[in-house]
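Structure first, commentary second.
The values are calculated or read from the model by the stated rules, or taken from the named source; none is laboratory data. What you are looking at is a predicted structure, and each value in this text was computed from that prediction instead of being measured. Don't worry about glycine lacking a Cβ; one is built from the backbone with ideal geometry, like all the others, and counts go over all protein chains shown. To get the accessible areas, we keep the full protein, side chains included, count just its heavy atoms, and leave off ligands, DNA and RNA. Shrake-Rupley method; radii C 1.70, N 1.55, O 1.52, S 1.80 Å.
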Amino acid sequence: MKNKTKYLYLLVLLPFLTVVILFEVIPLIMIIINSFFPDKGGSVTLENYITVFSKPLYKKAILNSVYISCVSSGIGIIIAFFGAKAAHESSGKFHNAFMRVLNMVSNFAGVPLAFAYMIMLGNSGVLLQLGKEIGLDALANYKLYTTSGLTLIYVYFQIPLSTLLLIPAFEGIRKEWQESSLLLGASSTRFWTRIGLPVLMPSILGTISVLFANALAAYATAYALLMNNYALLPINVSGMFVGDVTIRRGLGGALSVCMMLLMVIMILITNRITKRFRKGGAKA
Amino acid sequence: MKKKTTAAHIVIILIGIYLLIPLFATAVYSMFEKWTGLLPEGFSVKHYLTLFTEREFMSALFNTVIICIVPIVITILLVLLALFAVTVYFPRLEKYVQILCMIPYTIQGVILSVSILSLYAGSKGILDNRMVMLVGAYCIIILPYIYQGIRNGLNAVNMPMLLDAAEMLGASKLYGFFRVIVPNIISGITVSSLLAVGIIFGDYVLIRNITGTSFKNVQIYLFLEMKSSSTKASAVFVIIMMTTFLITALVLFLKNKEAKGRAKSAER
């Protein structure tokens, strides 16, 4: 009797399982399976993957995605390091105001962000006008609708996220270490390159992989700025399924799988390096 | 030591300015007739007035509110029921529920949207409905946040003991769960639902890929508007950002309150 009522409670689990299976498990499995079937019909093949890696358009999309994600994560993490260091060293009003700004703008991304940049740096943007007035040609002729313009916008949304993620890591740097290295004659730069950075490295690498994933997946920002006129993984993936074109499940699936694989590769690389740092730390 | 804090303050000010300039510039832009020279000209709030009297914008706003609330309520109920069943009756299944809840962290919105779309578009039955697909997709996207919020809440209360007590007093376990446990973890649920509101409110990719432009939320509205009138779009922008900030501020406030409450009870 008792057992029977117990299994009655599996029914309570059922709604959850239904939604998760319908909208998470099956769609993901299907997109992977579809990537191995040609769009014209036929049996299992690697044709779609060969197309992805041989057609210039898709190669370009992968390269652009990787390039923008790497550059924006790199610049983002450098600024975040100094930002988080400053947040750690400050206190009181400055610290609180900074935290508030970071938290507020951490949700500033996508269409609104692209729009704000178009207002500032678009073809008739406010800052371009300013550049003309004061005769600063580099600013007056700035081209936002390019890879570097897109990277600039990506850097913006990487900064608050990465700074917020790095700030807790600085708690691990003890004041005593800094003081004793100073007493032993090390300069502040030397302290950070020889002690501070290695200690922070696991957190920095973890943050980089979050930033990379964040940039790789960003669709709204890029689409709002450049529409479909730019080869970028998320834009090309959407293009395969949405709109007036015939849906290309196989090729779109292969592109999606490539996108997921890029994330996995990034996570594996950072995990690997993190482990090395941890090991080195244990030996010392 | 003094020199160090000054340097830190300079860095903070520089980054702060960099982060606030786009917001500030667009907000100023929205409050003037035109900004083609060095300074904006003709202060006016007419863009805001037109927006709030325009039916299309109000319906986009309404759509946004609805599409934020429905998936969150559904997801909270699903996760509550699932965690109840799992913690009370099937502890061995718990880690599978956890895995299912955390997977969406690693899949991107683009991929989730196209995989749901390609699977169900043109299929027969209720799943072909774009709104059903959209709500389902949102439920999955916010699942990790809702799960984490409820899980953390449940970890903080002694659930088996409370449920036993409720049962001894004659209540069923399910009744006890919803009348005793849930009120105890409501603050954690509120914070995670607000995070979820922030995510859905800021979403563009899922709604565009799944519903096209047939169902407009404010993000889609902004996107369409900025192609035609940048001054009006800047007013939409300001409204979107104000709402976003309000949600973030509320999350921070509730989190701080909770942390303080916890510190107090620890003191005791």
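Things to note:
- Looking only at the stretch A:82-100, and only at residues there that are open to solvent by 70 Å² or more (accessible area, probe 1.4 Å) and basic (Lys, Arg), the one that is nearest to the other protein chains (Cβ to nearest Cβ): A:Arg100
- Test result for A:Leu211, in contact (Cβ under 8 Å) with a residue 60 or more places away in the chain, at negative phi and in contact with an Asp or Glu (Cβ under 7 Å, 6 or more places away or on another chain): no
- Cβ pairs under 7 Å, 6+ apart, first in the stretch A:10-22 and under 18 Å from B:Leu134 (Cβ atoms), second open to solvent by less than 50 Å² (accessible area, probe 1.4 Å) and assigned to a helix (DSSP H, G or I): A:Val19/B:Leu78; A:Val19/B:Gly136; A:Val19/B:Cys139; A:Val20/B:Leu100; A:Leu22/B:Gly136
- When B:Phe245, B:Phe223, B:Phe177, B:Phe237 are checked against the criterion of being assigned to a helix (DSSP H, G or I) and either over 29 Å from B:Met31 (Cα atoms) or of a type in the set (D, E, K, R) (or both), a single residue qualifies: B:Phe177.
- Conditions (1) in contact (Cβ under 8 Å) with a residue 40 or more places away in the chain; (2) among the basic types (Lys, Arg); (3) open to solvent by less than 70 Å² (accessible area, probe 1.4 Å): number failed by A:Lys6: (1)
- Any hit, the stretch A:65-81, residues being surrounded by fewer than 18 Cβ atoms within 10 Å (Cβ to Cβ) and modelled with pLDDT under 95: no
- Residue in the stretch A:222-229 that is within 21 Å of the chain's Cα centre (by Cα), at the interface with chain B (Cβ under 9 Å from one of its Cβ atoms) and modelled with pLDDT of 90 or more present: yes
- Filter pass, A:Ser148 being in a helix (DSSP H, G or I), under 30 Å from B:Leu194 (Cβ atoms) and either within 11 Å of another protein chain (Cβ to nearest Cβ) or under 17 Å from the mean Cα position of the chain (by Cα) (or both): no
- Being closer than 16 Å to B:Gly202 by Cβ and open to solvent by 10 Å² or more (accessible area, probe 1.4 Å) is true of A:Ala220.
- Residue count for the stretch B:40-79 under the criterion of being within 14 Å of another protein chain (Cβ to nearest Cβ), of a type in the set (A, V, I, L, M) and open to solvent by 40 Å² or more (accessible area, probe 1.4 Å): the result is 4.
- Hits in the stretch B:106-125 (condition: in a helix (DSSP H, G or I), free of Cβ contacts under 8 Å to residues at least 24 places away in the same chain and open to solvent by less than 40 Å² (accessible area, probe 1.4 Å)): B:Ile111, B:Ser115, B:Ser118, B:Tyr120
- For A:Phe37, the conditions (1) under 27 Å from A:Ala169 (Cβ atoms); (2) open to solvent by 10 Å² or more (accessible area, probe 1.4 Å) are fulfilled apart from (1).
- As for the stretch A:270-278, it holds no residue that is surrounded by fewer than 22 Cβ atoms within 10 Å (Cβ to Cβ), within 13 Å of chain B (Cβ to nearest Cβ) and on the phi < 0 side of the Ramachandran plot.
- Against the test of being more than 30 Å from B:Gly212 (Cβ to Cβ), within 11 Å of chain B (Cβ to nearest Cβ) and among the aliphatic types (A, V, I, L, M), the options A:Ile267, A:Ile173 yield a single qualifying residue, A:Ile267.
- Residue in the stretch A:33-53 that is within 11 Å of another protein chain (Cβ to nearest Cβ) and either assigned to a helix (DSSP H, G or I) or of a type in the set (A, V, I, L, M) (or both) present: yes
- Failed criterion for A:Pro160 (all others in (1) away from chain B (no Cβ under 11 Å); (2) closer than 23 Å to B:Phe223 by Cβ; (3) part of a helix (DSSP H, G or I) hold): (1)
- Test: residue in the stretch A:102-109 that is more than 7 Å from every other protein chain (Cβ to nearest Cβ), in a helix (DSSP H, G or I) and under 24 Å from A:Tyr219 (Cα atoms): yes
- Failed item in (1) at the interface with chain A (Cβ under 7 Å from one of its Cβ atoms); (2) open to solvent by less than 20 Å² (accessible area, probe 1.4 Å), with B:Ile103 passing the rest: (2)
- Hits in the stretch B:1-39 - residues which are more than 7 Å from chain A (Cβ to nearest Cβ), open to solvent by less than 80 Å² (accessible area, probe 1.4 Å) and either of a type in the set (Gly, Ala, Ser) or in contact with a Lys or Arg (Cβ under 9 Å, 6 or more places away or on another chain) (or both): B:Ala7, B:Ala27, B:Ser30
- Residues being more than 7 Å from every other protein chain (Cβ to nearest Cβ) and part of a helix (DSSP H, G or I) - total across the stretch A:243-262: 9
- Lone unmet requirement of (1) modelled with pLDDT of 90 or more; (2) under 26 Å from B:Ser172 (Cα atoms) for B:Tyr89: (1)
- Identity of the residue in the stretch B:190-218, of a type in the set (S, T, N, Q) and either in a helix (DSSP H, G or I) or open to solvent by 20 Å² or more (accessible area, probe 1.4 Å) (or both), that ends up farthest from the other protein chains (Cβ to nearest Cβ): B:Thr190
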